[in-house]
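Here the structure is laid out as structure tokens; the discussion comes afterwards.
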Amino acid sequence: MQKRILITASTPMELFLLSSVCKLLATKDHSLSFDLVIRSTMRHILTPQIEGLFSKVYYFRFPREKSLLEGIIVGIYFSVMIKKIINNYDVILINSFRELSANIISKHVKDKSKLIAICSTDPTTSEDFQIRRPHLSYKTYILSKLLGYSVMNMRWCGDSPLVFSKDYEVSPFRKALYISEKDETTNSELVAVPPPFFVLTDMHSQTRTFKQPAILIAGERIPLYPSWSAKDEQIYQSFLSYVKENFPDHHIYFKPRPGLTNVDSMKLEGMKLVEDNRSLELILMSEKFDKVISMKSTASVLASFYGHQGYHLYHMFNCPKDFLDATDHLYANLKSVIMINNNEDINRVSLAKKDAESIGSIYYNAIFGSKSSK
């Protein structure tokens, strides 16, 4: 009997992550059928190649928690619409599993074993966060109480108001997959899986606009930290000069980080400024780069996930110890991104070729179970 799978996407990251999982699952079982619920404002990023993965696409308004009144109105609409279709599926894959939309979906799924969270990182990392600042979390509590499966609470890391997570009082999810390049686990409820994005790059190979060998440098906030010095700036400019001198056959593209990178203060001679409106994810999916370089950005991580060699530069600088330790901890679960300690390290390559069929089997077994293990 044909299995029907539904994915929900309220951000480009969710769309690309879950679409690539669908593509991998299809390499294992061609009879699978996929449908998509997507935020109505995201039509413009749904490429023909991705849209072709799905039998049906539903365009819904997704509730947000910025405004309590708007959250209630849109949340009721979302509840009515999702209730009409949600129990027609064998599996529901959700990335942002702690968001209000996921909580609403969970409320209306009769068989909770159908719900599977596919997380960008290990979801247990926020378990030590504490419930604090009730004045900042009242909207989350009220909206989840009114519309969701379970009340949700905001949790903060230490005293920082910027590092937080949300958590269910009673989680509806019986299984979660999380992306990792290192971890292996036999836990049937929490499963580490390799990054799936590379299949989207293969799907879009005929749409590339950058025809020459290319290197992408992702912009960052400068100064990178409060003690950023003239020596750090000199190290960075020296590295950029080294890349331009040693890769003369490559087109070198620089993509500023919106709202953070001051292009006017940078020496970008010999580089091509990426000024189109495409998101970084869409560029990485649609183009081919031999190298993607950033100071410490997740751009380098995403690049490696999409099949480009990623590099981080922050070990080259005189970073404060707490900054260095925190950033190292953030990326501890990665092995494909190369850490650059000197200019020559840009010549190193660590990215292994990914096999869609074998990785598809990993996802299929994690979601549906391995027949050989029964």
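A few notes on this one:
- Our coupling estimate for the range 284-298, obtained by passing each phi through the Karplus curve with A = 6.51, B = -1.76, C = 1.60 and θ = phi - 60°, is 5, 6, 9, 10, 10, 10, 6, 8, 10, 10, 8, 5, 8, 6, 5 Hz, Gly and Pro reported as x.
- Fluctuation leader among Lys23, Lys145, Lys296 - the chain, Gaussian network, Cα springs under 10 angstrom: Lys145
- Ser20, Ser79 arranged by Cβ crowding within 10 Å, fewest neighbours leading: Ser79, Ser20
- Nearest-20 debye value, the chain charge dipole, Cβ charges on Lys, Arg, Asp, Glu: 1420
- Loop-located trypsin sites (Lys or Arg not before Pro) across the range 35-123 with a Cβ neighbour count of 10 or fewer within 10 Å are Lys66, Lys110, with loop assigned by DSSP.
- Alpha carbon convex hull of the chain, projected area averaged over orientations, nm²: 19.6
- In order along the range 62-68, the phi-based Karplus estimate (6.51 cos²θ - 1.76 cosθ + 1.60, θ = phi - 60°) of 3J(HN,Hα) comes to 9, x, 10, 9, 5, 10, 5 Hz; Gly and Pro are listed as x.
- The magnitude of the dipole of the range 203-347, with charges of +1 and -1 set on the Cβ of Lys/Arg and Asp/Glu and taken from the Cα centre, is near 280 debye.
- Residues Ser241, Ser294, arranged from fewest to most other Cβ atoms within 10 angstrom of their Cβ, appear as Ser241, Ser294.
- For the range 299-315, putting each phi into the Karplus relation 6.51 cos²θ - 1.76 cosθ + 1.60 with θ = phi - 60° gives couplings of 4, 5, 5, 4, 4, 5, 5, 7, x, 9, 6, x, 9, 10, 9, 5, 6 Hz, in residue order, rounded to whole numbers and with x for Gly and Pro.
- Within the same chain, lysines fewer than 8 places from Lys321 are excluded, and of the rest, those with a Cα less than 24 Å from its Cα are Lys231, Lys296, Lys335.
Read the figures in this text as sums done on the coordinates, not as results from a lab. It should be emphasised that the depicted structure is a prediction, and the values quoted were computed from it without experimental measurement. We place every Cβ from the backbone using ideal geometry, glycine too, and count neighbours over all the protein chains shown.
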